[in-house]
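First comes the structure, then the notes that go with it.
The values are calculated or read from the model by the stated rules, or taken from the named source; none is laboratory data. Quick caveat, the model's predicted, so the values are computed rather than measured. Note: ideal-geometry Cβ built from the backbone for every residue, glycine included; neighbour counts use all protein chains shown. To get the accessible areas, we keep the full protein, side chains included, count just its heavy atoms, and leave off ligands, DNA and RNA. Shrake-Rupley method; radii C 1.70, N 1.55, O 1.52, S 1.80 Å.
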Amino acid sequence: VRAGGATEAAIRESFGREIKSRGIPVLDQTSATRLLGDPSGCTGAIAMTRKGKPVVITAKTTVLATGGGSTAFQYHMNTTDLTFDGHGMALELGADLVNMEFYQMILGLTGPVKRMLIPEPYLALQPRLTNGLGEEFLLRYLPDGVTQAECLNTRAGTGPFRSDAAAKYFDLAVFEELGAGRGTESGGMQADFTNCDPDLIRAGKLNWYNWARERGVDILDQPVDISPQVHAFTGGVLIDPQAETTVPNLFACGEAAGGPHGANRIGGNQFAGTQVFGQRAGRFAAARASEIGMPDTNQEQIDEFGSRLSALRSRTKGSDPRALQRAIQTAMWNEMGVSKDSDSLARCLDQLNAVESEVPSIHLPKGQDLGLALSLPHLLTTARIIAGAAALREESRGPHYRADFGSRDDERCGRPIFVRQVAGQPEFHSGQLV
């Protein structure tokens with residue numbers, strides 16, 4: 001983790017070497033779109049190639065390693081393929097999710113480039129912060145007894161947004177300014193580091209300054225625009241210590257899995273989570289597969305998917321999946337990006353329900369966006385669950401901040417929220433992890 005990009009490169013190299021040496025078949029550029037089976041057990045998946053050809057995979061055990069779904073929000077720090085596919089497929093099969101209201105936000109650039117991380121320790125250098133009107137804005141959001149220097153120094157010491165320290169006022173201020181229409185053209189707040197100590201900038205976290213310069217960003221030369229951006233979910237598909245979900249023979253790991261982290265985690269710990277629970281998921285799934293026979297192919301589910309695909313391709317008019325995705329992103333960010341309350345969550349759910357009414361009429365303009373059209377129900381279903389769980393959690397805990405319930409409340413809310421899909425609708429309940 002301390003080796004910067006070298007760690008990722010080493011893992012990629014190791015994976016590639018092992019896959020090749022073991023002769024493991026890889027379906028490259030092929031995306032799973034639904035799981036086969038029922039709540040009594042997973043029996044494989046249906047996937048789509050990049051050219052739109054369905055592939056049926058019958059399997060004794062299946063591991064979800066599909067990541068999260070930060071693209072449900074307008075401002076996020078990940079690639080466009082993270083659309084909650086694993087979460088949506090698991091829900092559809094009957095699996096439980098947990099802790100979905102807890103999503104972490106980190107600071108990223110909106111200009112001159114988008115979705116580039118900026119190290120939060122740089123805020124301790126006290127840059128000049130202004131909104132799109134050129135006004136210094138932070139002081140108006142600080143309560144009595146909290147100085148701007150204290151706020152920025154505290155924010156510099158934490159990676160993701162947290163609801164229980166003076167650091168929160170920085171993210172809340174940016175979110176409120178953006179909501180009031182006072183953002184910069186790129187959609188952020190301007191941070192001017194040009195008068196800060198160059199030696200401290202260059203000595204920053206993991207030599208970020210030189211890394212950013214290679215990508216066209218020099219914060220000693222010009223101001224940059226920054227904003228909190230959704231990065232990772234601590235919740236996901238509920239797993240046990242063997243990484244198995246509540247559906248037998250279906251395992252999950254990485255950001256797709258919920259349970260290992262609880263409401264919050266230290267920035268960077270998901271990296272360890274991918275390795276620890278990835279190893280456990282693979283080991284226990286392999287052990288299970290050695291004990292059971294190959295399941296029967298569920299032809300009825302395959303035919304149902306084929307009919308859905310044919311209807312989607314034959315539709316000549318209807319809703320554009322790109323427009324529906326933007327509507328989801330706008331609702332999720334504007335109404336519950338950093339701060340939320342009962343009114344904003346109700347508005348968010350209303351807007352998501354309006355999107356849901358248009359999903360059955362999705363069509364593919366010129367045959368494009370098949371992958372998004374198939375992923376959109378997963379994205380929408382999970383977004384509704386996030387908003388629903390956030391509405392139920394009437395407190396502020398970890399990265400979850402409710403303006404109308406600003407404090408942590410262990411007595412009323414000290415338990416995780418679980419959800420499963422019943423008759424096509426989310427059913428929530430609270431309880432204890434075991």
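Summary of values
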{"item": "Loop GluC sites (Glu not before Pro), the stretch 125-167, which have at most 13 other Cβ atoms in a 10 Å radius of their Cβ (DSSP)", "result": "Glu135, Glu136"}
{"item": "Surface accessible to a 1.4 Å probe, Thr147 within the full protein complex, Å²", "result": "80"}
{"item": "Gaussian network model of the chain, springs between alpha carbon atoms under 10 Å - residue of Gly388, Gly254, Gly406 with greatest fluctuation", "result": "Gly406"}
{"item": "Most mobile of Met116, Met189, Met336 in a GNM of the chain (Cα contacts under 10 Å)", "result": "Met116"}
{"item": "Equivalent ellipsoid semi-axes, the stretch 200-243, via Cα gyration tensor eigenvalues times 5, rooted, Å", "result": "35, 14, 9"}
{"item": "Stokes-Einstein D in µm²/s, Kirkwood radius over Cα pairs - the chain at 4 °C with 1.567 mPa s viscosity", "result": "56"}
{"item": "Fraction in percent of alpha-carbon pairs per bin - 5 Å, the stretch 190-265", "result": "3, 13, 15, 14, 8, 7, 10, 11, 9, 6, 2, 0"}
{"item": "Shape call, the stretch 293-344: gyration tensor on alpha carbons, a/c limit 1.5", "result": "oblate"}
{"item": "Qualifying GluC sites (Glu not before Pro) in the stretch 200-260, DSSP loop, other Cβ atoms within 10 Å at most 10", "result": "Glu214"}
{"item": "C-alpha center-to-center spacing [the stretch 275-291, the stretch 127-196] in angstrom", "result": "44"}
{"item": "Cα pair distances exceeding 24 angstrom across the stretch 236-382, given as percent", "result": "56"}
{"item": "Distance cut-off 17 Å, percentage of C-alpha pairs in the stretch 41-148 lying past it", "result": "72"}
{"item": "Overall form of the stretch 107-193 per C-alpha gyration tensor (a/c, 1.5; a/b vs b/c)", "result": "oblate"}
{"item": "Heavy atoms of Arg17 accessible to a 1.4 Å probe, total area in Å² rounded to 10", "result": "120"}
{"item": "Accessible area, probe 1.4 Å, largest first, for residues Lys114, Lys168, Lys340, Lys20", "result": "Lys20, Lys114, Lys168, Lys340"}
{"item": "DSSP bridge orientation in the chain - percent antiparallel, rounded to nearest 5", "result": "85"}
{"item": "Residue-averaged [θ]222 nm for the chain, counting only DSSP H segments that reach four residues, each worth -39500 (n - 2.57)", "result": "-11000 deg cm²/dmol"}
